[in-house]
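Working notes, structure below.
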Amino acid sequence: MSIQSIQSIAEKVCRAGVGIAFCVLICAVLYQVLGRTIGMSFVWTEELTRYALLYVAAFGVGLSLVSGDLVNVDVVCESLPGEWPRRLRLLSASITALLCLILIGPAWKYTAIGVRQTSPAMGLRMDFVHFSVLLLIIVLFVFAVLRVVSMLWVADSGMPTRPGDDS
């Protein structure tokens, strides 16, 4: 299986995850607004919107790395001569992957702590909520590694690509 097909699958999974989490967010907010309109306030909708937002971020971080929507200093990097912009993109992706790899263990511990906790309004085990942090780190790690591998073995430039770009 090629790097491009692995990245394509990862992007589709993340897009589906963002879509599902965003639908949950929209439904919770709609339910909240309708409830307030008829004079009933549902406390659990506040929690659900926060949790859905965490999952939107967790699934979306890899997509934002691919599209270049994460924080960049490309004004400086892209003005450098020769191969320097590509080298800096490779270094940046490598450091991102390394930091994510270092953070996976602590994020796992953070998630495991949630087994003993429940959310106040919904009664949901907090490890399901804390898992969003671990998921974010894993997703970012996967997309950073895919960028490094494609830059080293496929001779990719590492430039961000927008959805729908054929380049």
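Taken together, the values in this text are just the output of simple stated rules run on the coordinates, not laboratory data. Just so it is clear, the structure is predicted and the values come from calculations on it, not from any experiment.
Remark: segment 147-158, residue by residue, has Karplus-estimated 3J(HN,Hα) of 5, 4, 4, 5, 6, 7, 9, 10, 6, 6, 6, x Hz, where x stands for each Gly or Pro and the curve is 6.51 cos²θ - 1.76 cosθ + 1.60 at θ = phi - 60°. Its DSSP H runs of at least 4 residues, each contributing -39,500 (n - 2.57), put the calculated 222 nm mean residue ellipticity of the chain at -26000 deg cm²/dmol, to the nearest 500.
Computed over the alpha carbons of segment 3-153, Rg followed by Dmax gives 18.9, 64 Å.
For segment 33-89, taking the reciprocal of the average inverse distance between every pair of different Cα atoms yields a Kirkwood hydrodynamic radius of 15.0 Å.
Against the chain, whose longest principal axis is taken from its Cα atoms, helix 43-67 shows a tilt of about 10°.
For the chain, the relative contact order is 27 percent, taking Cα pairs closer than 8 Å that sit 6 or more residues apart in sequence and dividing their mean separation by the residue count.
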